[in-house]
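The values are calculated or read from the model by the stated rules, or taken from the named source; none is laboratory data. Quick caveat, the model's predicted, so the values are computed rather than measured. Using ideal geometry, Cβ is built from the backbone for each residue, glycine included, and neighbour counts are taken over all protein chains shown.
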Amino acid sequence: MRYYVMSGPHQGDTGTMTDGVGEVRLPHPAMRGVHCRYKVNSTDAVIDQEGSEPGVQLHYAGDVSLQ
């Protein structure tokens, strides 16, 4: 399933996620050893706009240290 990042340091990014997974972690663009957490917001999750591949919206949920 396609994802669209709606907020946070990766706003505007898109990618592919495993169906059924409610969280995506992406490397923080400014801090080494830290990942940004993005979660599906169930109230507006599915996005199906003309010209875009159907997918889910992800919203920033904070950071997590990999150490």
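In region 1-60, what residues are among the small types (Gly, Ala, Ser), at pLDDT 90 or above and surrounded by 13 or more Cβ atoms within 10 Å (Cβ to Cβ)? Give the derivation first.
Quick first cut of region 1-60, residues among the small types (Gly, Ala, Ser) only: 7-8, 12, 15, 20, 22, 30, 33, 42, 45, 51-52, 55.
Those still in the list that are at pLDDT 90 or above too: 7-8, 12, 15, 30, 33.
The answer is SER7, GLY8, GLY15.
Return yes when GLN67 is assigned to a loop (DSSP other than H, G, I, E, B) and either modelled with pLDDT of 95 or more or not acidic (Asp, Glu) (or both) and no when it is not.
For GLN67, the condition - assigned to a loop (DSSP other than H, G, I, E, B) and either modelled with pLDDT of 95 or more or not acidic (Asp, Glu) (or both) - is met.
How many residues does region 25-36 hold that are under 10 Å from HIS10 (Cα atoms) and either part of a strand (DSSP E or B) or free of Cβ contacts under 8 Å to residues at least 12 places away in the same chain (or both)?
Residues that pass the stated criteria total 3.
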